[in-house]
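First the structure, then my questions, so here it is.
Please treat every number below as a calculation from the coordinates, not as lab data. All figures in this text were calculated on a predicted structure; none of them were measured in a lab. Every residue, glycine as well, gets a Cβ built from its backbone with ideal geometry; the counts of neighbours run over all protein chains shown.
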Ligand SMILES: [Fe+2]
């Protein structure tokens, strides 16, 4: 019995309601009306709040930028010979692996995950890439800034290439509107494999939008209600929200009022640039112009936060009296 209750609670609180974005259903709507989203916001921000960076710590400048702005860009990330090796490996892996083709909105997208085991040849190339990232400063950066407990952070590296032949059809991709992934600090990153420019939909981020504040709490509360889809556009607009490209996003008026339009950073970056982003902050991919290609190696770190929290929750629920 106790086990079943623990299982039920862990599903209810851990998976569905705590970590994921608010679900579009009436039950959640009512929970949120009674303040569930506010509770979730407080607990998760307490649990995952950003760490203070010691001035004397290694790479202080980078850590401080990531903490203050929520976004960090490091150009020429790998040494020239390391980067060349990385590109060679990717090209070889591409020739061995099946590359998935799908659409992001209307854009042709090709990708593959590096942990798909196909043969020994590919595995050794993949291991070499993972090692390259593992030996870099990424792990230390993230562990100094946030409450992430990481052993092997590069289990899920994804190669992604987006092609654009026609700029007029760049719609329907929900990633192309400003949004936040979670209501608490969380991190993603990517390495550019070609020159990411404004014309090729480079990443955009609102600097400082990752910091908890009363207005952010208000945003989370209204988002949770509007996600239930029972509000009209006028009410949403008054609170700074609008529906565009298949998602609820924020209006320019909201951005200007809370952060200023100048806070939007367009991450134009030559190849071999590393970008790490705290995706509690508002972010999106930019719009594509004709005949553009954007190529990246992408990695997410969300699951390291989940597992940590889930261990803690399981401990609380299952501990002996
Ligand atoms: Fe996102």
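Residues of the stretch 224-241 with backbone nitrogen within less than 11 Å of a virtual label 7 Å along the Cα-to-Cβ line of residue 257, please, listed as ranges.
237-241
Using a 7 Å offset from the Cα along the Cα-to-Cβ direction at both residue 85 and residue 110, what is the distance between the two label points in nm, to one decimal?
For the pair residue 85/residue 110, the computed spacing is 2.6 nm.
While we're on this one: How high is the relative contact order of the stretch 25-312, in percent, counting Cα pairs under 8 Å that sit 6 or more residues apart? Mind showing how you got there, number by number?
Numbers: 494 pairs, mean separation 92.4, N = 288.
Worked out over the stretch 25-312, it gives 32 percent.
Hey, fewest Cβ within 10 Å first, where do 173, 252, 181, 64 land in order?
Numbers: 173 22, 252 12, 181 18, 64 15.
Placing the least packed residue first, the sequence is 252, 64, 181, 173.
Dividing the alpha-carbon radius of gyration of the stretch 54-119 by 2.2 N^0.38 Å (N being the number of residues), what value is obtained?
Values: Rg = 17.7 Å, N = 66, 2.2 N^0.38 = 10.8 Å.
My calculation over the Cα atoms of the stretch 54-119 gives 1.63.
Measure off 7 Å from each Cα along the Cα-to-Cβ vector at residue 58 and residue 266, then give the distance between these two points in nanometres to one decimal.
3.6 nm
Using Cβ contacts closer than 10 Å as the measure, can you line up 174, 210 from fewest to most? Before the final figure, lay out the partial values.
On the way: 174 15, 210 27.
Starting with the residue having the fewest Cβ neighbours, the order is 174, 210.
Separate question: Which value, to two decimals, describes the C-alpha radius of gyration of the stretch 25-312 once divided by 2.2 N^0.38 Å? Please list the in-between numbers first.
On the way: Rg = 19.6 Å, N = 288, 2.2 N^0.38 = 18.9 Å.
The value comes to 1.04.
Hull surface divided by four, with the convex hull built on the Cα atoms of the stretch 159-235: how many nm²? Walk me through the numbers on the way to the answer.
Working: hull surface 30.1 nm².
Value for the stretch 159-235: 7.5 nm².
Further, regarding this structure: Apply 1/(1 + (r/R0)^6) to the Cβ-Cβ distance of residue 246 and residue 156, taking R0 = 30 Å, and write down the FRET efficiency to the nearest 0.05.
On the way: r = 25 Å, r/R0 = 0.82.
Once the sixth-power term is evaluated, E becomes 0.75.
Residues of the stretch 264-288 with amide nitrogen under 14 Å from the 7 Å Cα-to-Cβ point of residue 76?
270-274
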